[in-house]
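Down below is the structure, laid out as structure tokens.
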Amino acid sequence: MTKEQFVVTATQMRQIEARIFTAGMPVAALMEKVGGLICQRLQAIISPGKCVGILVGPGHNGGDALVVARELHFRGYQVWIYQPFSKLKELTSQHFQYTQSLKIPCYQEISQLPSYDFLIDGLFGFGLEREITDSIAAAVNYFNNKNQPIISIDIPSGLHTDTGEVLGTAIQATYTFCLGLWKQGLLQEQALPYVGKAELIDFDIPLADIHAVIGDIPKIKRITQTTALSTLPLPRPLITHKYKQGHLLLICGSQRYAGGAILTGLGARASGVGMLSIAVPESLKMLLVSQLPEALIIGCPETETGAIASVQLPENIDLNSFTAIACGPGLTKDNISIIPEITKCECPLILDADALNILAQIGTIPTLKQRKSATVLTPHTGEFKRLFPNIDHTDRIKAIQTAAQESGAIVLLKGARTAISNPQGNVWINPESTPALARGGSGDVLTGLLGGLLAQIMNKEIFIEDIVATAAWWHSQAGILAAQARTELGVDAFTLTQYLMPVLKK
Ligand SMILES: NC(=O)C1=CN([C@@H]2O[C@H](COP(=O)(O)OP(=O)(O)OC[C@H]3O[C@@H](n4cnc5c(N)ncnc54)[C@H](O)[C@@H]3O)[C@@H](O)[C@H]2O)[C@@H](O)CC1
Ligand SMILES: [K+]
């Protein structure tokens, strides 16, 4: 595993740090090393001679900032310090004393502060334990309103290290240099407006210490390109045939929402699945054939309103003939009997969109308890609340862990930081996405893509949640690529399907 995959809480980071110090690494030496690494990165961003304000807190986050202040001073930057605290931790206090002997200007009041080009935020790191209040809160708000770039050390001051919640107020960083290991709070959706562009500053924490604290198989992992690519069905075996490359059944679409079926089909097409069957209302059959000529389109009997009345498969196949089934996009809630019918299948099943709304209506947990094989639920926040009305979703990671544990399903909660949990509470977080994907139909593409990947992992020793994570990564990377080429306004769901393949070719 690479360091980029690990995610830690404040308590875990403290335990890891304690092991390193007990093993003999001096605290001051580690702070010096970290400060040096931060400076290297800063020098790549800030040109020499610029004026840099340094915000110094009472703990070791402030200590890091003071090492940075000293180094930038010697490298020819114009540095000043804002340090409003009466009591500092010992090591921080020593560094502060030295910066004062160097005559680096220091201020306690924001009204006295000179202008600046960049700000380094070393007020609080993972030691923040209560709300920021009074004059410190006023200072944080003052700096945010200045609209000058801010670089936060470890985590933007004011964010809860685990939940990403704002405690009172928080620095809105332009960059966050996370130290050593990714803090969970930085990957929570609510932290997003504060984090800016985040990167990891690796300061060589021994793997043995990481595993000793978070276990051999960490509970919470960050999806990276490497983890995602490693589960793709590539390369294909030299000798194979279409049924060996998975057979996916999509159940989707209605007269009202015909496009959802097409987009789901196009998402599945991009997955490379060997065989694709799509069950739609009879009246949509020719439309689907024209859009997806390679797929087997199954026309189903319709309700009066143009929804699927029942899934009528061709002779000699049944629901268990498929290696995966995905159901929901464009379905409508007109026929709720379809969900109890489909949940009987013994292959992995993805439920999305209206399939989730029906599931919530007929009872999420009792329905899923009867499932004999894996179920993947892919709700956005609104659908999640309907499915699991009793689960508090302030901490999205905790929320999906609880939902997955209670339902026995793998839960993918969509959002700016899509996260996936299996029933044992093992979580994947997708750390990169784009608001360009906030458009109708983009979820349908994900369902098809995920279905196609899931259908292909049969007989392979890959966990289903790992393939779900790969689909989430692939989908968001396609969004990012499309937005780069066409702006954030140019990523309609059809266009998105056209950018899936280029992600892999890149
Ligand atoms: N974990 C590691 O291995 C390393 C950690 N380092 C730095 O150390 C930081 C953690 O240091 P600390 O544990 O000293 O914690 P912090 O520097 O985050 O802050 C803790 C201090 O702030 C005070 N405080 C907390 N909440 C407050 C509030 N709302 N208002 C006013 N005061 C408040 C506390 O009483 C304490 O004095 C990391 O974020 C990182 O920057 C680095 O120096 C080197 C390596
Ligand atoms: K900070």
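The values are calculated or read from the model by the stated rules, or taken from the named source; none is laboratory data. Computed from a predicted model, the values in this text were never measured in an experiment. All Cβ positions, even for glycine, are placed from backbone atoms using ideal geometry, and neighbour counts span all protein chains on display.
Remarks
- From the options A353, A279, residue that is more than 26 Å from S421 (Cα to Cα) and buried (at least 24 other Cβ atoms within 10 Å of the Cβ): A279
- So G24, is it in contact with a strand residue (DSSP E or B) (Cβ under 7 Å, 6 or more places away or on another chain) and either within 16 Å of ligand 2 (Cβ to nearest atom) or assigned to a loop (DSSP other than H, G, I, E, B) (or both): no
- A residue that is outside any loop (DSSP other than H, G, I, E, B) and either of a type in the set (A, V, I, L, M, F, W, C) or in contact with an Asp or Glu (Cβ under 6 Å, 6 or more places away or on another chain) (or both) occurs somewhere in region 313-322.
- Picking from residues in region 108-126 that are in contact with a Pro (Cβ under 8 Å, 6 or more places away or on another chain) and either outside any loop (DSSP other than H, G, I, E, B) or not acidic (D, E) (or both), the one that is farthest from T9 (Cα to Cα) is P114.
- Options E71, E129, E32; residue that is modelled with pLDDT under 95 and either outside any loop (DSSP other than H, G, I, E, B) or within 16 Å of ligand 2 (Cβ to nearest atom) (or both): E129
- Selected residue (criterion: nearest to L113 (Cα to Cα)) from residues of region 148-161 that are part of a loop (DSSP other than H, G, I, E, B) and away from ligand 1 (no atom under 13 Å from the Cβ): Q148
- G443 being buried (at least 24 other Cβ atoms within 10 Å of the Cβ), at negative phi, touching a strand residue (DSSP E or B) at 6+ places or on another chain (Cβ under 8 Å) and not in a loop (DSSP other than H, G, I, E, B): no
- Whenever a residue of region 46-59 is free of Cβ contacts under 8 Å to residues at least 40 places away in the same chain, its partners that are within 10 Å of ligand 1 (Cβ to nearest atom), lying with C-beta atoms within less than 8 angstrom and at least six residues away or across chains, give the pairs P58/F85; P58/K87; P58/L88; P58/K89; P58/T92.
- Extreme residue, farthest from the chain's Cα centre (by Cα), among residues of region 136-147 that are over 16 Å from I81 (Cα atoms) and assigned to a helix (DSSP H, G or I): A138
- Taking first residues from region 389-409 that are surrounded by fewer than 17 Cβ atoms within 10 Å (Cβ to Cβ) and partners that are modelled with pLDDT under 95 and assigned to a loop (DSSP other than H, G, I, E, B), no Cβ contact under 6 Å between residues at least 6 apart in sequence or on separate chains turns up.
- If the condition is being assigned to a strand (DSSP E or B), within 23 Å of R396 (Cα to Cα) and not aromatic (F, W, Y), then region 180-233 contributes K183, K197, A198, E199, L200, I220, K221, R222.
- Taking the numbered list (1) buried (at least 23 other Cβ atoms within 10 Å of the Cβ); (2) on the phi > 0 side of the Ramachandran plot in turn, G272 passes all entries but (1).
- In the set (1) part of a loop (DSSP other than H, G, I, E, B); (2) in contact with a Gly (Cβ under 6 Å, 6 or more places away or on another chain); (3) not β-branched (V, I, T), G425 fails one condition alone, (2).
- In region 134-143, the count of residues that are of a type in the set (S, T, N, Q), buried (at least 24 other Cβ atoms within 10 Å of the Cβ) and either touching a residue at least 12 places away in the same chain (Cβ under 8 Å) or away from ligand 2 (no atom under 12 Å from the Cβ) (or both) is zero.
- The one condition in (1) closer than 21 Å to R75 by Cβ; (2) touching a residue at least 24 places away in the same chain (Cβ under 8 Å) that K103 fails to fulfil: (2)
- Yes/no for R41 being of a type in the set (D, E, K, R), within 16 Å of ligand 2 (Cβ to nearest atom), touching a residue at least 60 places away in the same chain (Cβ under 8 Å) and not in a loop (DSSP other than H, G, I, E, B): yes
- For first residues located in region 315-327 and in contact (Cβ under 8 Å) with a residue 24 or more places away in the chain, partners that are surrounded by fewer than 18 Cβ atoms within 10 Å (Cβ to Cβ) and not polar (S, T, N, Q) and lie 6+ apart or on another chain with Cβ distances below 6 Å form the pairs N320/E346; T323/M458.
- Restricting region 282-336 to residues that are surrounded by 18 or more Cβ atoms within 10 Å (Cβ to Cβ) and acidic (D, E), the residue that is farthest from the chain's Cα centre (by Cα): E302
- Condition check for H247: away from ligand 2 (no atom under 15 Å from the Cβ) and in contact with a strand residue (DSSP E or B) (Cβ under 7 Å, 6 or more places away or on another chain): yes
- Condition check for F96: within 16 Å of ligand 2 (Cβ to nearest atom), among the aromatic types (F, W, Y) and at pLDDT 95 or above: no
- Residue match in region 68-88 (condition: under 34 Å from the mean Cα position of the chain (by Cα), crowded, with 17+ Cβ neighbours inside 10 Å and near ligand 1 (Cβ under 8 Å from one of its atoms)): no
- In this structure, E109 does not qualify as among the charged types (D, E, K, R) and near ligand 1 (Cβ under 9 Å from one of its atoms).
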